[in-house]
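Below is one structure; the comments refer to it alone.
The values are calculated or read from the model by the stated rules, or taken from the named source; none is laboratory data. Treat the numbers as computed from the prediction; the structure is a model and nothing was measured. Please note: Cβ atoms are built from the backbone with ideal geometry, for glycine as well, and neighbour counts cover all protein chains shown. Note: areas computed on protein heavy atoms with side chains; ligands, DNA, RNA excluded. Shrake-Rupley method; radii C 1.70, N 1.55, O 1.52, S 1.80 Å.
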Amino acid sequence: MIHLNSRISSVTVFGDRAQIVRTAELELGAGEHHLVFDKLPSSMIQDSFQISAQGAALLSNIRFKESSGLELSEQNINIIEEERQRILDNVRTFGDKLNRLMKEKSFVESIADKLTAPSQESQTVLDADKWMQMINFYHEKLKKIDAQILEVEKANRTWENKLKHFESEVERLGAHYNQTTRQIHFNILMKSAGTIVFQLSYLVSDATWKPCYDLRVSSDQKMMHISYNALVWQNTTEDWEDVSIQLSTGQPGMSGEQPQLSPWSIEIFKPVYKPGFKVSKSPFKEQIGMVTTTSFSPQSLPENWAERHTAEKIPPMPRTASLTFKISGLHSIKSDQNEHLVNIMIEKFPADFQYSSVPKLSPFAYLKARVINHTEYPFLAGETFIFLDNQFVAGAHIKTIAPQEEFWTSIGVDTDIPVERKFLKKYENKQEETDQKMVNMTYEYQIHIRNHKDQTEEIVVWDQLPISHSDEIKVELLAPRYEEDTENLQKNKSEYLKWLLKVKPGEETIIPFKFSVKYPREENVIGLD
């Protein structure tokens, strides 16, 4: 039986697993040989392996074997125990020597104290020379003892560190030998002597990847550089050292049978509400194009709500197509449960810039960039890190962008274009109302946009009219005058107003915004400012 010395040559990472390809090269003589791929990881999926051989040879009798652990030989156990005992002996030897030196130092110091301390019983006056000789003697003695203590302490620390390292290695070795290991046995018939290259492929669990992006916007060049990256994670118990990496959105099936399609269903999410279960959404979600979250303020959630709707989350990988990204170069991904960054591609895109503002909610203009994905690959949904002129702006998230699809990216606040919504007045217009049973309230605002930049900038400004849910309440837009959508002013069914303006450098543009609300005088209208 020959144990093959194989190495991982390539890895394809899927959404929840990875395909490993191991390569081994061996020179064999003519005849039949029994070969083994061993030390395969416990995360290996048993029915997923395939073997190929390049050369004049015939494979046969391929079988999978599993072992609950490798056994250390009695000889190896004796060697480990002897080495451990040797280290322990040295630790004890130097520890004992250190204790003796410390006792000797304490003894010498006590004698010196007795001889040099003044005594009330003795009237003997020591000669000055003898006094100095005595002090020098004990000084030199203590100096030698301190030097010996220092050397012994260094040696003792060295052996204690060796003991810690040795015990750590023994623990690691024990963990390795207690792991479940897997082997692939097979026979090969050689018609003649020669060199054979073997490849073993198999699937492992505990591996995944997800896309992430660096979006670097150059305002001067009107360009966006997109670094399409992937975060690869694996805990397969084997390191991938200097291997070729591929990333796939597919669902691998390595058995001998063709996988079968299952019905692909889509539906509209319809949560079930109970009394006290409230949902609030941003009124500007539809027009601004930004992803908003739904906030819940439940007194009590519907029963089994989490179980029924957990599966409705967007999957990390698209189901409409299988994509594979081949990563250039060789990469090392350790089995350490950490995310490792690899680059898929770096591409630059012409960008159109536009400012957008909702002054009712925020006094800022937000810079947005419009880009068309002109690559052949989609941008999968993932996290983004946005940089404007080499300055980090914010983190965000993009949905899946198909090839040739355009998308908008929010770059962040630009303080050079302040936007202010001023409330002017609210009053009842009694002159125009002949029916004294009706109230006609008028609301006047002004929206001020200033451009402190050196060039003309395009900005979209959003506001809204109140929506009447009663035939008795009438809302009318008084300014600006609106009859139908134009290039500069649009209004939709939700009564959102959208102005598209071009503001020259140093210029201030003022938008008049005025509307009236008519309702019966005896009624109390809620929702108005």
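Points worth noting:
Residue-by-condition table, conditions (1) touching a Leu at 6+ places or on another chain (Cβ under 9 Å); (2) under 29 Å from Ser219 (Cβ atoms); (3) open to solvent by less than 70 Å² (accessible area, probe 1.4 Å):
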{"site": "Phe423", "(1), (2), (3)": "no, no, no"}
{"site": "Lys430", "(1), (2), (3)": "no, no, no"}
{"site": "Ile447", "(1), (2), (3)": "no, yes, yes"}
{"site": "Val460", "(1), (2), (3)": "yes, yes, yes"}
{"site": "Gln464", "(1), (2), (3)": "yes, no, yes"}
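- Within the range 190-219, the set of residues being farther than 24 Å from Phe14 by Cβ, of a type in the set (Gly, Ala, Ser) and either outside any loop (DSSP other than H, G, I, E, B) or modelled with pLDDT of 95 or more (or both) comprises Gly194, Ser218.
- Taken over the range 309-343, the residue count meeting the criterion of being part of a strand (DSSP E or B) and at pLDDT below 50 is 0.
- Being over 21 Å from Arg7 (Cβ atoms), open to solvent by 10 Å² or more (accessible area, probe 1.4 Å) and under 20 Å from the mean Cα position of the chain (by Cα) is a description that applies to Trp233.
- For Lys514, the stated conditions hold: it is of a type in the set (D, E, K, R), surrounded by 12 or more Cβ atoms within 10 Å (Cβ to Cβ), in contact (Cβ under 8 Å) with a residue 24 or more places away in the chain and under 21 Å from Lys422 (Cα atoms).
- Complete set of residues in the range 21-49 that are of a type outside the set (A, V, I, L, M, F, W, C) and assigned to a strand (DSSP E or B): Arg22, Thr23, Glu25, Glu27, Gly31, Glu32, His33, His34, Asp38, Lys39
- Against the list (1) under 41 Å from the mean Cα position of the chain (by Cα); (2) of a type outside the set (A, V, I, L, M, F, W, C); (3) at positive phi, the condition Gly55 fails is (1).
- The number of residues in the range 133-153 that are open to solvent by 100 Å² or more (accessible area, probe 1.4 Å) and not aromatic (Phe, Trp, Tyr) comes to 5.
Here is a yes/no grid of residues against (1) within 30 Å of Thr249 (Cβ to Cβ); (2) modelled with pLDDT of 90 or more:
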| position | (1), (2) |
| --- | --- |
| Ser6 | yes, yes |
| Gln46 | yes, no |
| Ser52 | yes, yes |
| Asn76 | no, no |
| Glu82 | no, no |
| Asp89 | no, no |
| Thr93 | no, no |
| Lys97 | no, no |
| Met102 | no, no |
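- On inspection, Arg63 fails the criterion of being assigned to a helix (DSSP H, G or I) and modelled with pLDDT of 80 or more.
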